[in-house]
Every structure is written in C-alpha cells, then in structure tokens.
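**Student:** I'd like to ask some things about the structure below.
The values are calculated or read from the model by the stated rules, or taken from the named source; none is laboratory data. All figures in this text were calculated on a predicted structure; none of them were measured in a lab. Neighbour counts run over all protein chains shown; Cβ positions are idealised from the backbone, glycine included.
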Amino acid sequence: MSEKRVIEILKSCNALLEGHFRYTSGRHGKQYFEKIRIVQEPRFVDELGRMMAAMMDDIREEIDLVCAPAYGAVVFGFATALHMGRSFAFLQRDNESRMSVRSGFSDIVRSSRILLVEDVCTTGGSIVESIDTLNSAGAEVVHVGLIVDRTAGKMKLESPYRALLSVEAVSWDSEECPLCREGIPITVPGSSGKKG
C-alpha cells in the first residue's frame, strides 16, 4: 500500500483535475479529485477497497460494520467491507438535506462498531455530520478511513482516522479566493446533495 499507487490510479483515470473549483464545503481551490472517474473503473475501486482494508487490518476485529455516505463514497465503502469480510450500510441525505441512515439499515447500524469510509475530505464537515448521524442511531464510529485527505492530517475528528493519500491542498473561503479575484471561471463539479 502506498500513496504513490493511489496517485497512479487517480492519474490513470484522469481523476486529478487542475483549475478553479467550488467544493461541496463551499470553499474554492485549484485542485479537484473527480472520484466519479475512478468509479467508472471497477478494478480501481476494488483495489482501493483492498488497500483500505489492509490499512485497517490491525483494527479489523474492532469493526462490526462498514458505512459510507452516499453517493460518492458508497462504492469505496462497499469494496472495503468486501475485503474486510464485514457487512455494509450507507447513509444518505433526506428531503431536507440532512444526513440519515438509509432506510432498511437501522437495525444493523444500531449497537455496531463502525468503520466510516469517505472518499475525499476537504474540511471534514460531511464526516462530522456522518459521525453524528451514526452516533444518534446508536452506533459507535471506531475509525474513519479516507481515500484522499486534503487536510494533510490536520482535520479534527472525535474518531481517529487514516487516509490512503494525504495531501495539503490549499482552499479558500469564496470571499478570499485569489482565483475569483483573477476572474478565472469557476467549475462546480459533482454533487452530494448537500445544500449550502
């Protein structure tokens, strides 16, 4: 398992983009990980799930269930669960854009020790929301696994976390964005259904 291999996968799928982007968090930046391009290559999803499972091998016995928020992280969470030999459930946003446990998964989530898998993290807001949702459902998030941590390990969570790739990606509030000041057109890639 190496960060070099993750970068190779991202590049081979054209999933590492450069430009001016508005992230789901609302912040702006120069780099975007277009994870949907990885999803188009099941062999890479499988490999990343295997890598995530291997990275979590030392805590495998502490994990009852792997969860992931919809939509982007679902395939990575599923692949991780498959390689860990654990059950899988996912979270999704409700009609009011609040994260919730997907209908039908409440019973297996309740009282489970969970590995929460997320694809790309910029600020950690969606992860915090997912942890809060799982805690409210009666679960314990034992650990968080990320495909890409854009905070370079600086994110503050109540659960410990690990990432297959950790990078320091500079981002700005929209009011402070130098790319906006330069008049560079902005791209709003992807969508998690999150409002704001």
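**Student:** Please indicate, with yes or no, whether at least one residue in the stretch 96-107 is in contact with a Gly (Cβ under 7 Å, 6 or more places away or on another chain), closer than 30 Å to His28 by Cα and surrounded by fewer than 21 Cβ atoms within 10 Å (Cβ to Cβ).
**Tutor:** Within the stretch 96-107, one or more residues are in contact with a Gly (Cβ under 7 Å, 6 or more places away or on another chain), closer than 30 Å to His28 by Cα and surrounded by fewer than 21 Cβ atoms within 10 Å (Cβ to Cβ).
**Student:** Related question: Is it the case that the stretch 139-152 has a residue that's small (Gly, Ala, Ser) and under 13 Å from the mean Cα position of the chain (by Cα)? So that I can check it myself, show each step before the final result.
**Tutor:** Of the stretch 139-152, the ones small (Gly, Ala, Ser) are 139, 145, 152.
Those still in the list that are under 13 Å from the mean Cα position of the chain (by Cα) too: 145.
Yes, the stretch 139-152 contains at least one residue that is small (Gly, Ala, Ser) and under 13 Å from the mean Cα position of the chain (by Cα).
**Student:** Give the stretch 86-124 a look and list any residue that's in contact (Cβ under 8 Å) with a residue 60 or more places away in the chain and at positive phi, or say none. I'd like the intermediate steps shown before the answer.
**Tutor:** Going through the stretch 86-124, the residues in contact (Cβ under 8 Å) with a residue 60 or more places away in the chain turn out to be 92-93, 97, 117, 119-120, 122-123.
Answer for the stretch 86-124, where residues must be in contact (Cβ under 8 Å) with a residue 60 or more places away in the chain and at positive phi: just Ser97.
**Student:** Determine which member of the set Gly145, Gly196 is part of a loop (DSSP other than H, G, I, E, B) and either within 21 Å of Val66 (Cβ to Cβ) or modelled with pLDDT under 95 (or both).
**Tutor:** Gly196 is the lone residue from the list that is part of a loop (DSSP other than H, G, I, E, B) and either within 21 Å of Val66 (Cβ to Cβ) or modelled with pLDDT under 95 (or both).
**Student:** Right, something else. What number of residues in the stretch 1-47 are among the basic types (Lys, Arg), touching a residue at least 40 places away in the same chain (Cβ under 8 Å) and closer than 30 Å to Gly183 by Cα?
**Tutor:** 4
**Student:** I've got another one for you. Counting only residues that are more than 15 Å from the chain's Cα centre (by Cα) and part of a loop (DSSP other than H, G, I, E, B), how many does the stretch 106-137 have?
**Tutor:** 4
Conditions tested, residue by residue: (1) crowded, with 17+ Cβ neighbours inside 10 Å; (2) within 13 Å of Val75 (Cβ to Cβ); (3) touching a His at 6+ places or on another chain (Cβ under 6 Å); (4) modelled with pLDDT of 90 or more.
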residue	(1), (2), (3), (4)
Ile7	no, no, no, yes
Lys11	no, no, no, yes
His20	yes, no, no, yes
Gly26	no, no, no, no
Lys35	yes, yes, no, no
Glu41	no, yes, no, yes
Leu48	yes, yes, no, yes
Ala53	yes, no, yes, yes
Met56	yes, no, no, yes
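**Student:** Which one of these does Ser159 not meet: (1) within 21 Å of Met99 (Cα to Cα); (2) in contact (Cβ under 8 Å) with a residue 60 or more places away in the chain; (3) among the hydroxyl-bearing types (Ser, Thr, Tyr)?
**Tutor:** Every listed condition holds for Ser159 apart from (2).
**Student:** Here's another thing I want to ask about it. Under 8 Å between Cβ atoms, which residue pairs at least 6 apart in sequence (or on different chains) link something in the stretch 67-85 that is farther than 22 Å from Ser97 by Cβ with a partner that is assigned to a loop (DSSP other than H, G, I, E, B) and at pLDDT 95 or above?
**Tutor:** That search, which allows pairs on different chains as well, returns Thr80/Met56; Met84/Met56; Met84/Ile63.
**Student:** Could you check, for the stretch 71-85, whether at least one of its residues is surrounded by fewer than 24 Cβ atoms within 10 Å (Cβ to Cβ) and touching a Leu at 6+ places or on another chain (Cβ under 7 Å)?
**Tutor:** no
**Student:** Of Pro185, Pro160, which residue is surrounded by fewer than 16 Cβ atoms within 10 Å (Cβ to Cβ) and in contact with a His (Cβ under 6 Å, 6 or more places away or on another chain)?
**Tutor:** When all the criteria are applied, what remains is Pro160.
**Student:** From the residues in the stretch 175-193 that are in contact with a strand residue (DSSP E or B) (Cβ under 6 Å, 6 or more places away or on another chain) and not hydrophobic (A, V, I, L, M, F, W, C), which one is modelled with the highest pLDDT?
**Tutor:** Among residues in the stretch 175-193 that are in contact with a strand residue (DSSP E or B) (Cβ under 6 Å, 6 or more places away or on another chain) and not hydrophobic (A, V, I, L, M, F, W, C), the one modelled with the highest pLDDT is Thr187.
**Student:** Turning to a different aspect of this structure: Which members of the stretch 124-174 meet the condition of being β-branched (Val, Ile, Thr) and either touching an Asp or Glu at 6+ places or on another chain (Cβ under 8 Å) or closer than 28 Å to Arg110 by Cα (or both)?
**Tutor:** Result: Ile127, Val128, Ile131, Thr133, Val141, Val142, Val144, Ile147, Val148, Thr151, Val167.
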